[in-house]
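The values are calculated or read from the model by the stated rules, or taken from the named source; none is laboratory data. Remember, predicted model here, so these are calculated numbers, not experimental data. Neighbour counts are summed over all protein chains in view; Cβ atoms, including those assigned to glycine, are modelled from backbone coordinates with ideal geometry.
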Amino acid sequence: MFGDEWSGHEVRTGEPWNDLRPVEKRKTEIEAFLVKLDDRLRELDSENTADLTLAERDRRGEEYGALKSKQRKLRKEYHDLPDLTNCTHELPERFDRRCAVESELKNAFKEGDLQLMLGDGVPIEWDRWAAEAQFHVDFYLSTVRAPEQFGAMGIGPALVPMQSFDGWITRFGPGALKSGEMTITAQLERYLREQFEKDPHEEISKSEFKLRAAAEFSEHNNYSGEEFDRVWRIVASPSRKTPGRKRKKSRIN
């Protein structure tokens, strides 16, 4: 994805150009909400339903189902957020590249474009595993922690079949990169990062960036609004993704 820009140290670096506090705040919010959900689910599990009326049992079942659905949704969102545990506060550009690569890999695992394996024989069903509390992928150590529900596998090496990876990685145009050209994905990622650097106070909206990108890449056959949206999800900071009109932020001179 990044050619010669990739140093190999990205997997353990932090302090990105965007503020980490929104990510930390959201992770804390999700953790607190999950604790409350777990407490309520345990209460429902411990209830004696023998004396409940049919209507009361239906209401209990509806509440239980809604809580489990919310729990799965929050756990998946938590797994999609950047892992901050391996940050060492070095070059901000490295964290930027790391988040982009990890997002691409997670999307590939979710969409089935790549098959993540625990060890050499356990295929990981991302959608199911990501809904469980114990599941964790450590890109720094290349390990996976399996949820208890899927057996006593614990922590093991994270592997991807080489043949499928070789096919998937070509989407970023390794051959084209060698000849000095870049895929539209790589060009969009670089373009947006450059534009973000020129807009440090986040005053420009996504729609305006999209219009500018359409003009910039008007002669590129592979450019599309859908491709812009996909790259935006990867490189834009959480605050830039917040819906609504952008307000000017106070500057400190």
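Points to keep in mind about this one:
- For the condition in contact with a strand residue (DSSP E or B) (Cβ under 9 Å, 6 or more places away or on another chain) and outside any loop (DSSP other than H, G, I, E, B), L105 qualifies.
- Taking each residue of segment 113-132 that is more than 13 Å from G156 (Cβ to Cβ) and looking for partners that are of a type in the set (K, R) with beta-carbon atoms closer than 7 Å, six or more apart or interchain, yields W126/K110; D127/K110; A130/R75; A130/K76; A131/R72; A131/R75; A131/K76; E132/R75.
- Tally of residues being at pLDDT below 75, among the polar types (S, T, N, Q) and surrounded by 17 or more Cβ atoms within 10 Å (Cβ to Cβ) across segment 66-89: 0
- Within segment 19-59, considering residues that are part of a loop (DSSP other than H, G, I, E, B) and either touching a residue at least 12 places away in the same chain (Cβ under 8 Å) or on the phi > 0 side of the Ramachandran plot (or both), the one surrounded by the most Cβ atoms within 10 Å (Cβ to Cβ): L20
- Count - residues of segment 189-211 that are assigned to a loop (DSSP other than H, G, I, E, B) and in contact with a Phe, Trp or Tyr (Cβ under 7 Å, 6 or more places away or on another chain): 0
Table: residues versus (1) over 20 Å from K76 (Cα atoms); (2) outside any strand (DSSP E or B); (3) in contact with a Phe, Trp or Tyr (Cβ under 7 Å, 6 or more places away or on another chain); (4) not assigned by TED's automatic domain parsing to the domain that holds K27.
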{"site": "F109", "(1), (2), (3), (4)": "no, yes, yes, yes"}
{"site": "L114", "(1), (2), (3), (4)": "no, yes, yes, yes"}
{"site": "E132", "(1), (2), (3), (4)": "no, yes, no, yes"}
{"site": "I169", "(1), (2), (3), (4)": "yes, yes, no, yes"}
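- Residue identified as farther than 30 Å from E31 by Cα and modelled with pLDDT under 80 among G151, G225, G244, G175: G175
- Scanning segment 64-83 for residues that are among the basic types (K, R) and over 30 Å from D96 (Cβ atoms) yields a count of 2.
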